[in-house]
Amino acid sequence: MGSVLVVGGGGREHTICWALKKSNKVDKIYCLPGNAGIAQIAECHPIGALEFDKILEFVKTHKDIDLTVVAPDDPLALGLVDLLNDNGYRAFGPKKNAAIIEASKAFSKALMKKYNIPTAAYEEFSDYNKALEYIKTAKYPLVVKADGLALGKGVIICQNVLEGEQALKDMMVDSKFKDAGKTIIVEEFMVGKEVSILSFVDGKHVVPMVSSQDHKRAHDNDEGLNTGGMGTFTPSKVYTKEIENEVLNNIIYPTINAMNAEGREFKGVLYFGLMVTNDGVKVLEYNARFGDPETQVVLPRLKTDLYDIFNACIDGTLDKIDIEWKDEACVCVILASGGYPESYKKGVEISIEDIDEDIMLFHSGTKMADGKLVTNGGRVIGVVAEGKDIDQAREKAYKNVEKIKFDGAFYRKDIGIKR
Ligand code: AMP
Ligand code: GLY
């Protein structure tokens, strides 16, 4: 028995808190900073995920905490797990030297190249003029990616030289993604079906979770800008037993072995963003954490105690527990603020009426202000439904999405259709 601290404040963290709440080994959950939804099940304090000194102080003064879960990418990349461990505290998540698999695309592409892990062909540039020369003669479409973390938005698919030039200018000259875009990757455009595989890793053993699929573009039919994710579903039809074996043998095990060979032991959740192409499955990206909003559909299907799994990942004993999943499908539809992923208003009042009992609402960007629930981010609330199949889960989710209202709210109407 003990208390758990979850660092972060979005829909992913709400779902992690919700799953931990079901454990009879967890008596209290704290969340920093949390949000209005999380505050219904955890004690939230206004400390940001990057305020390392304050987080450490919080853990020191709350002696009941026996585990800290670091959920977002940036504190992982900056070494929050290292800081907590160095001070004698248990923390779930990769250390800085392993979180780099997400924090630097130049690192992850070089890793895949060195260990023959299938991915799109690419070139890396830190010199704007050299990059410009290259994209003038390259084949289109091509993909320009910022090396560093950019909230899922540092990827630009370019149809022609003009768009390529603009992407380079945005990243390398105008620093739209700050330092994250100083180095860029220019990569071959892959055609295929996307699938996400999140996996628990304890350094030696890896247990993949059920498959899921994200819808990253802002609008229906995959139009509009890339976002952090507008909706998800599980399972993916593309992820057959045969594909699963290919992914385990060609991608998942080789990646864990490669990280160990590099002296970068990975413990935590490793997320494989995959493209199933005619030429085999290839890696689109790695994330060193749970996905958002993949977590919102994957964890509701988990039957095993999440607290036990987190501890097994830390202790290197994942092989000692059976991780079980429900057969049900799950769909998550995100309600977002008008204007997202570009500028949007915050503080807009939200009304929620008569949500069906079996629906889960995971808050992404909400807070309480003067006793009212208001928006506090681009992605606001995820509506999650379970069903015997994706069609049934979709129907339940959309019936309830309509009961949540705020000025400027929008959502995609086609989550779970293209699959
Ligand atoms: P990433 O953050 O690297 O996963 O990229 C965001 C999204 O851009 C992916 O989910 C894909 O839809 C798309 N994307 C990224 N790289 C490629 C690629 N090489 N070929 C085609 N689409 C891509
Ligand atoms: N939904 C994609 C991500 O979490 O990176």
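The values are calculated or read from the model by the stated rules, or taken from the named source; none is laboratory data. This one's a predicted model, so the numbers in the text were calculated from it and none came from an experiment. Note that each Cβ is placed from the backbone with ideal geometry, even for glycine, and that neighbours are counted across all protein chains shown.
Here are a few things to note about the model shown:
- When region 56-72 is filtered for residues that are in contact with a Gly (Cβ under 9 Å, 6 or more places away or on another chain) and either hydroxyl-bearing (S, T, Y) or surrounded by 14 or more Cβ atoms within 10 Å (Cβ to Cβ) (or both), the ones remaining, listed by number, are I65, D66, L67, T68, V69, V70, A71, P72.
- Index of the failed condition, V186 passing every other in (1) buried (at least 21 other Cβ atoms within 10 Å of the Cβ); (2) away from ligand 1 (no atom under 15 Å from the Cβ); (3) more than 21 Å from the chain's Cα centre (by Cα): (2)
- Residue in region 339-356 that is touching a Pro at 6+ places or on another chain (Cβ under 9 Å) and closer than 30 Å to V143 by Cβ present: no
- Residue tally, condition among the aliphatic types (A, V, I, L, M) and in a loop (DSSP other than H, G, I, E, B), over region 1-46: 4
- Applying the criterion of being part of a loop (DSSP other than H, G, I, E, B) and closer than 16 Å to S175 by Cα to the residues of region 106-128, the residue that is farthest from ligand 2 (Cβ to nearest atom) is D127.
- Number of residues in region 239-298 that are acidic (D, E) and away from ligand 2 (no atom under 11 Å from the Cβ) equals 6.
- Here L306, L361, L302, L318 are screened, and the one residue that is touching a Leu at 6+ places or on another chain (Cβ under 9 Å), more than 16 Å from ligand 1 (Cβ to nearest atom) and closer than 26 Å to F92 by Cβ is L306.
- Any hit, region 172-184, residues being in contact (Cβ under 8 Å) with a residue 60 or more places away in the chain, hydrophobic (A, V, I, L, M, F, W, C) and more than 18 Å from C158 (Cα to Cα): no
- When restricted to residues that are within 14 Å of ligand 2 (Cβ to nearest atom), in contact with a helix residue (DSSP H, G or I) (Cβ under 7 Å, 6 or more places away or on another chain) and either part of a strand (DSSP E or B) or polar (S, T, N, Q) (or both), region 200-219 contains 2.
- Scope region 220-237; condition at pLDDT below 95 and within 16 Å of ligand 2 (Cβ to nearest atom); matching residues: D222, G224, L225, N226, T227, G228, G229
- Residue in region 265-281 that is in a loop (DSSP other than H, G, I, E, B) and within 22 Å of the chain's Cα centre (by Cα) present: yes
- Candidates in region 148-183 are the residues that are away from ligand 2 (no atom under 16 Å from the Cβ) and touching a Ser or Thr at 6+ places or on another chain (Cβ under 8 Å); of these, the one that is farthest from E102 (Cα to Cα) is K182.
- Qualifying position, being closer than 28 Å to V348 by Cα and free of Cβ contacts under 8 Å to residues at least 24 places away in the same chain, among G48, G11, G88, G37: G48
- Conditions (1) on the phi > 0 side of the Ramachandran plot; (2) free of Cβ contacts under 8 Å to residues at least 12 places away in the same chain; number of the one not met by T61: (1)
- Scan region 129-166 for residues that are under 28 Å from the mean Cα position of the chain (by Cα), touching a residue at least 24 places away in the same chain (Cβ under 8 Å) and assigned to a helix (DSSP H, G or I) and the total you get is 1.
- At least 3 residues being crowded, with 20+ Cβ neighbours inside 10 Å is the threshold, and among the strands (runs of 3 or more DSSP E) wholly inside region 343-406 those reaching it are 360-363, 379-387.
- Hey, D214 within 16 Å of ligand 1 (Cβ to nearest atom), in contact (Cβ under 8 Å) with a residue 24 or more places away in the chain and more than 30 Å from V69 (Cβ to Cβ) or not: no
- Of the residues making up region 278-294, not one is of a type in the set (F, W, Y), within 13 Å of ligand 1 (Cβ to nearest atom) and farther than 18 Å from G148 by Cβ.
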